[in-house]
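Report on one structure; see the data block that follows.
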Amino acid sequence: MIETTRRPFGWLGAGLLVAVAFLVGGLFGAAVMVIVLRADRSSPGGATALAALGAAVLLALAGVFTVLGGLPLASELTPAFASDRGLAAAAALAAAVCALFAVVALARAEREARPAPAVPMDWQSLTAIGAVVAGGVALGALALGVRVASAPEALRPDFAELVTNLRLGNGYARGVAPALDATALHPPLAPFVAAIFPGIVDHVHVVVSALVVLVTAGLGGRLGGIRGAIGAGLMAALLPSMWGQQLPEALAALGVASALLFAWPEKASVPSAALAGACLGLAALARPEAIVAAPIVVVWMALRTRWNASPVIACAVAAVALMGPWLLWTQDQFGVLQPSTSLGATLAGANAESTTRGARIGELAPLPPPPPGTDEGFLDGTRRRAAIERFWTGRMPVVIAARVGRAWDLWWPASVHDARTARGLTTPGGSPGVVLEAGTSLVLMAWLWARRRDWRRLFPFYAMPAAFTLVSAATFGSRDVRSWTAPLAAAVVGLFLAELARRGEGPVAVPPS
């Protein structure tokens, strides 16, 4: 049994901890420490230790961003941290590693404290388990079949140099040795996977995409039982935005969907929350915009666990521990605190003269390649500033409306076709596929409206489509951005199909909180 303990700090000790947090991290650090000290009095001793380590991580990160100007109140945020705040950055990573060890120790303690009860297996139970296993195998086989027949190539041609240099031990670089240039243009997960599995990356892509189907079926099961799982799995197997993406998008979809499954409030524990954070970190390393899913899941867990600090901190710490080294590397190499250096090019291409009027409104314009030897971080910052200046024009409401429409695939199929052709890809499912995507989006919005009273429990199903729409409106409405939200839409439509199938028996209700 895990030993429980009351809050180990008196008022004086708590005041000193808040004061130290204030000196290290300013108002942000003090707020973090107050939240930790207000943790539930009955929380396990191991959870208290984990909360303290999580606070150390957050305080170290606050030190990373803080530049003391005489008094902590004069602190300001700055993106320069790998070079100016190297000690604080190292402390953040060290604390994250310690916290991950604490998660493992707490998981072992919880497992020992809650031995699984012996459940007699009868013929009915075995039959039910067999049906679930058979359904999963059938869904996996269907997904594999669709993807083998129709999936695009795993990686674009411009990934080839990165993968080759990784295999040769030249690091994450482009060019030919010895004239190598460090690059953060592409987030690293997909190139690393391709380097680990040389020659079979297309097969890995198919398997990853099929795994997304099974995880999406799990989300449908959380919402509506076995019928919901089957419906969600079928939609995930057949929906074009699920099988028509390349490896980075498939990895992002797998990461976000798995994070939701592990973080599901009624099932979440500290170890599963840590796994959810790891999945979120991996998703952001696959597609940079998927980083917005991390705060959404953390807020969801905080809403549903009534501010129990342990699982929330475990999720946040695991995500930071995976994303932190990559962000440190991009900052050190390019002075850019972003998952990739492609944001400037995306914003500039989205706000070019040709994409704010005429038939190409809301699309992405290709930009001319920079001169050889141009610093990637400088180029990103220059393009980003120019795009932001160009953004504030009288036509922006019309442009944003076009992008929002394309984000939900409710506009004409020709626009989707042109966006895919620019990347050398076919339109998944053709025009019927675009119509299916539009119908899926409409069902998702109608279902969210019908379930609005349960929005706290279903918070990611509201927040992630909204975040996806905003990201698309800020850029160019690409379907690639949709990849990490597509499993949610498939799960919802699958549940809707299950409700139609059971109309005679009554609706499939969301289980009570």
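The values are calculated or read from the model by the stated rules, or taken from the named source; none is laboratory data. This one's a predicted model, so the numbers in the text were calculated from it and none came from an experiment. SASA here: full protein model, heavy atoms, side chains in, ligands and nucleic acids out. Shrake-Rupley method; radii C 1.70, N 1.55, O 1.52, S 1.80 Å.
Average accessible surface for region 166-280: 34 Å² per residue, computed with a 1.4 Å probe over protein heavy atoms with every protein chain in place. Computed in the context of the full set of protein chains, the accessible area of region 270-365 at 1.4 Å probe radius has 66% of its extent on carbon or sulfur.
Largest accessible area first, the listed residues ILE230, ILE361 line up as ILE230, ILE361 when surface is computed with a 1.4 Å probe on the assembled protein chains.
Computed with every protein chain present, the accessible area of THR393 is close to 70 Å² [probe 1.4 Å]. Accessible surface of ASP202, taken over heavy atoms with a 1.4 Å probe and every protein chain present, rounds to 80 Å². Averaging Cα coordinates gives a centre for region 197-273 and one for region 425-462; these two points are 16 Å apart.
For VAL132, the accessible area of its heavy atoms, probed at 1.4 Å with every protein chain present, is near 90 square angstrom. When restricted to Cα atoms, region 134-247 yields an Rg and a Dmax of 17.3, 57 Å, respectively. As a ratio to 2.2 N^0.38 Å, the alpha-carbon radius of gyration computed for region 298-405 takes the value 1.45.
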